[in-house]
Amino acid sequence: MQNNILAYVALIIVCIVWGTTYFFMRIGVETFPPFLFSALRQVIAGGLILTFLKLLGKLRLSKKTLLTQTILGILLISLGSGVIGWTERFIPSGLAALIVSTLPMYVIFINYVAGLENHKPNSYILIGLLLGSLGIFLIFRDNLMDFINPDYLVGTLIAFGASFCWAAGSVFSKSQSSRNDVMTNAALQMLLGGVVLFIMSYFLDDYTEINGVTSQSLYALGYLTVIGSTIAYPCYIYALNKLPIGIVSLYAYINPFIALILGYFVLNERITWITTGAFMTVLLAIYCINKGYKMKVEKINIRALKNK
């Protein structure tokens with residue numbers, strides 16, 4: 001019971017903190033080469049945690065662990081978070097967060113295609129997914145004319161691809177969650193994913209932009225490294241280890257509204273009455289999905305008691 005409470009606290013931290021990271025990523029990549037920006041953030045955060053674990057004598061590594069965490073680092077950190085940061089050069093931070101809110105749908109789709117019986121959605125989960133989709137549509141309705149811009153369109157499509165990679169990494173991480181220490185997993189994923197981002201940066205970034213890096217971008221780098229990665233990412237991996245992945249993925253429905261509010265007040269990004277309607281729709285979606293997963297857990301417990 002206590003582990004579940006801690007897991008929910010970790011999830012709340014993720015919901016709040018990662019809602020702010022889209023805003024800070026937008027500020028960071030405005031003047032900083034985007035892949036280099038994400039690479040520095042993740043390598044520093046992962047390195048700090050690994051050093052701390054080493055000093056405490058709690059670092060346990062193996063070849064199998066390194067291989068697994070490399071795969072997860074590429075999916076979650078490189079192709080997920082890193083690519084989303086790059087897209088924020090072309091799309092608003094609120095829209096980037098909104099696109100990532102498709103995560104719960106991807107997660108359920110991947111689990112269903114993979115034939116994981118316990119993850120087949122019940123009626124409440126399906127209703128929640130439909131409501132979440134409606135909320136996303138309502139936001140996109142305000143941005144339809146922006147798709148005329150080719151950069152905006154490409155950024156949007158690539159953001160959807162990055163969200164799928166994050167979902168795939170989350171599903172794979174859930175299947176591997178008991179194989180190693182949570183903090184070690186998180187640190188290795190950030191470090192190894194960050195190394196891959198350095199490689200991507202070499203081929204895709206324009207290093208002449210370094211001369212124009214502003215103090216605001218450096219402050220954003222510091223915030224994302226300490227708060228967004230060193231603190232929040234281990235919280236995500238911990239919650240993923242302790243809670244159903246469908247519940248953990250609900251953070252993606254909450255993040256967009258924190259990002260939208262910050263974008264509105266600081267970056268002058270738009271919020272309309274449609275956005276408010278979308279917010280209420282998404283809250284109802286979260287309630288339905290959460291209720292659906294609780295019903296699934298209750299059925300599993302009843303079935304287990306009957307089999308005793």
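The values are calculated or read from the model by the stated rules, or taken from the named source; none is laboratory data. Remember, it's a predicted structure, so these values are computed and weren't measured experimentally. We place every Cβ from the backbone using ideal geometry, glycine too, and count neighbours over all the protein chains shown. Only protein heavy atoms, including side chains, enter the accessible area calculation; ligands, DNA and RNA are left aside. Shrake-Rupley method; radii C 1.70, N 1.55, O 1.52, S 1.80 Å.
Structure notes:
- Options G246, G292: the member that is open to solvent by less than 10 Å² (accessible area, probe 1.4 Å), modelled with pLDDT under 75 and not in a loop (DSSP other than H, G, I, E, B): G246
- Against the criterion of being open to solvent by 20 Å² or more (accessible area, probe 1.4 Å) and among the acidic types (D, E), E30 qualifies.
- Any hit, the range 218-228, residues being under 16 Å from A10 (Cβ atoms) and part of a helix (DSSP H, G or I): yes
- Residue that is at pLDDT 80 or above and crowded, with 20+ Cβ neighbours inside 10 Å, where the choices are A232, A252: A232
- Candidates S173, S178 - the one that is under 17 Å from the mean Cα position of the chain (by Cα) and at pLDDT below 95: S173
- The set of residues in the range 214-224 that are hydroxyl-bearing (S, T, Y) and either over 11 Å from F24 (Cα atoms) or open to solvent by 10 Å² or more (accessible area, probe 1.4 Å) (or both) comprises T214, S215, Y219, Y223.
- Test: residue in the range 204-212 that is part of a helix (DSSP H, G or I), in contact with a Gly (Cβ under 8 Å, 6 or more places away or on another chain) and either open to solvent by 60 Å² or more (accessible area, probe 1.4 Å) or at pLDDT 95 or above (or both): no
- Scanning the range 186-203 for residues that are in contact (Cβ under 8 Å) with a residue 12 or more places away in the chain and either farther than 29 Å from A239 by Cβ or not in a helix (DSSP H, G or I) (or both) yields a count of 1.
- Scanning the range 40-48 turns up no residue that is open to solvent by 10 Å² or more (accessible area, probe 1.4 Å) and within 14 Å of the chain's Cα centre (by Cα).
- The criterion of being farther than 27 Å from P244 by Cα and touching a helix residue (DSSP H, G or I) at 6+ places or on another chain (Cβ under 6 Å) holds for M200.
- Of all residues in the range 71-94, at least one satisfies being out of contact with any Lys or Arg (no Cβ under 6 Å at 6 or more places or on another chain) and under 18 Å from T276 (Cα atoms).
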